Amino acid sequence: MSLAERYGAAKAKIASAALAAGRRADEVTLIVVTKNHPAQLALDLLDLGARDFGENRDQEAGPKSTEVRSLSPVEHRWHFIGQLQSNKVKSVLSYAASIHSLDRLSLLDALGKATVERPNPVDVFIQLNLTDDQGRGGIQPSGLVEFAESVLTKPGLNLVGVMGVAALDHQLERDFGAIRSASELLQTIAPQAKAISAGMSEDFETAIAFGATHVRIGSAITGNRRY
Ligand SMILES: *Cc1c(COP(=O)(O)O)cnc(C)c1O
């Protein structure tokens with residue numbers, strides 16, 4: 001399959017999964033994860049109609065997003081979806097429209113400080129830890145409300161919702177159900193924070209059935225990552 005065919009197939013599956021869940025196709029934003037691919041791939045995807053791109057490493061995303069912007073006049077957005085070190089915050093804020101991986105207090109403090117004087121706040125998703133292992137990245141559902149209250153005190157951050165990754169044991173209903181419950185809990189204190197960033201190449205249709213508003217699809221569209 002060509003890139004155009006893979007992109008088209010993913011768009012069609014998103015639309016049918018949304019309709020099957022009683023939702024509109026345009027309620028789900030497709031973020032194409034372009035990590036480990038050159039800028040040209042994002043340019044090709046822009047030609048196909050993609051407008052949202054995901055990256056997980058600042059060292060790669062910084063130069064790539066600069067290159068794409070310099071070569072294409074088409075408006076588009078970069079989403080930072082990987083673990084973010086506090087010393088990379090300034091750089092990431094220079095190109096990212098949203099950060100899906102707000103996963104700890106020290107990062108919240110760094111983001112809060114770096115955005116205090118921004119004219120328009122940056123969109124952030126709180127990344128959930130769906131395991132019992134506190135040492136893992138992410139906020140456990142039991143600590144979500146307290147953490148979200150801190151996010152809401154930062155004028156430069158616009159809390160849009162939660163983000164999660166299903167575990168490798170493939171209990172998709174359990175994990176996407178837990179993400180949806182966390183989203184409902186979050187909305188009790190932040191009614192506007194309705195977004196759910198969940199679902200990757202292997203599981204995005206199930207994620208949409210459980211309410212995902214942002215799917216992060218890499219290899220199913222881009223093919224195998226080259227480096
Ligand atoms: C790489 C990555 C994706 C995309 O994964 P695929 O399986 O290639 O679709 C989605 N989310 C995050 C956080 C990632 O790091």
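The values are calculated or read from the model by the stated rules, or taken from the named source; none is laboratory data. None of the values given here were measured: they were computed from a predicted structure. Cβ sites come from the backbone with ideal geometry, for glycine too, and all protein chains shown count toward neighbours. Surface accessibility is based on the protein's heavy atoms, side chains included, excluding ligands, DNA and RNA. Shrake-Rupley method; radii C 1.70, N 1.55, O 1.52, S 1.80 Å.
Miscellaneous remarks
Residue-wise test of (1) at positive phi; (2) more than 16 Å from the ligand (Cβ to nearest atom); (3) of a type in the set (A, V, I, L, M).
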site: Gln140; (1), (2), (3): no, yes, no
site: Lys154; (1), (2), (3): no, yes, no
site: Leu157; (1), (2), (3): no, yes, yes
site: Gly164; (1), (2), (3): no, no, no
site: Gln171; (1), (2), (3): no, yes, no
site: Asp175; (1), (2), (3): no, no, no
site: Ala178; (1), (2), (3): no, yes, yes
site: Ser181; (1), (2), (3): no, yes, no
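- The residues of segment 205-215 that are open to solvent by 10 Å² or more (accessible area, probe 1.4 Å) and either near the ligand (Cβ under 7 Å from one of its atoms) or of a type outside the set (S, T, N, Q) (or both), listed by number, are Glu205, Ala209, Phe210, Gly211, His214.
- Listed by position, the strands (runs of 3 or more DSSP E) contained in segment 68-182 that have at least 2 residues being touching a Ser or Thr at 6+ places or on another chain (Cβ under 7 Å) and open to solvent by less than 50 Å² (accessible area, probe 1.4 Å) are 77-80, 122-127, 157-163.
Conditions (1) within 21 Å of Val124 (Cβ to Cβ); (2) out of contact with any helix residue (DSSP H, G or I) (no Cβ under 9 Å at 6 or more places or on another chain), marked per residue:
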site: Asp44; (1), (2): no, no
site: Gly49; (1), (2): no, no
site: Asn56; (1), (2): yes, yes
site: Pro63; (1), (2): no, no
site: Ser72; (1), (2): no, no
site: Ile81; (1), (2): yes, yes
site: Val92; (1), (2): yes, no
site: Ile99; (1), (2): yes, no
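- Ser219 being over 13 Å from the mean Cα position of the chain (by Cα), open to solvent by 40 Å² or more (accessible area, probe 1.4 Å) and within 14 Å of the ligand (Cβ to nearest atom): yes
Yes/no per residue for (1) under 20 Å from His214 (Cα atoms); (2) more than 19 Å from the chain's Cα centre (by Cα); (3) away from the ligand (no atom under 16 Å from the Cβ):
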| site | (1), (2), (3) |
| --- | --- |
| Gln83 | yes, no, no |
| Val89 | no, no, yes |
| Ala96 | yes, no, no |
| Ile99 | yes, no, no |
| Leu102 | yes, no, no |
| Leu107 | no, no, no |
| Glu117 | no, yes, yes |
| Phe125 | yes, no, no |
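- Residue check for Glu117: modelled with pLDDT under 95 and of a type outside the set (A, V, I, L, M): yes
- Qualifying residue in segment 57-64 (condition: more than 16 Å from the ligand (Cβ to nearest atom), assigned to a helix (DSSP H, G or I), within 25 Å of Thr213 (Cα to Cα) and not basic (Lys, Arg)): no
- Residue satisfying condition, being within 21 Å of Asp203 (Cβ to Cβ) and either open to solvent by less than 20 Å² (accessible area, probe 1.4 Å) or not acidic (Asp, Glu) (or both), within set Ala50, Ala39, Ala61, Ala4: Ala50
- Any hit, segment 188-195, residues being within 16 Å of the ligand (Cβ to nearest atom), under 26 Å from Phe53 (Cα atoms) and at pLDDT below 95: no
- For segment 179-191, residues that are more than 18 Å from Arg216 (Cα to Cα), in contact with a helix residue (DSSP H, G or I) (Cβ under 9 Å, 6 or more places away or on another chain) and of a type outside the set (S, T, N, Q) total 5.
- In segment 195-224, the residues that are in a strand (DSSP E or B) form Cβ pairs under 6 Å with partners that are at pLDDT 95 or above and polar (S, T, N, Q), at six or more places apart or across chains, as follows: Ala195/Thr213; Ile196/Ser183; Ile196/Thr213; His214/Thr29; His214/Ser197; Ile217/Ser201.
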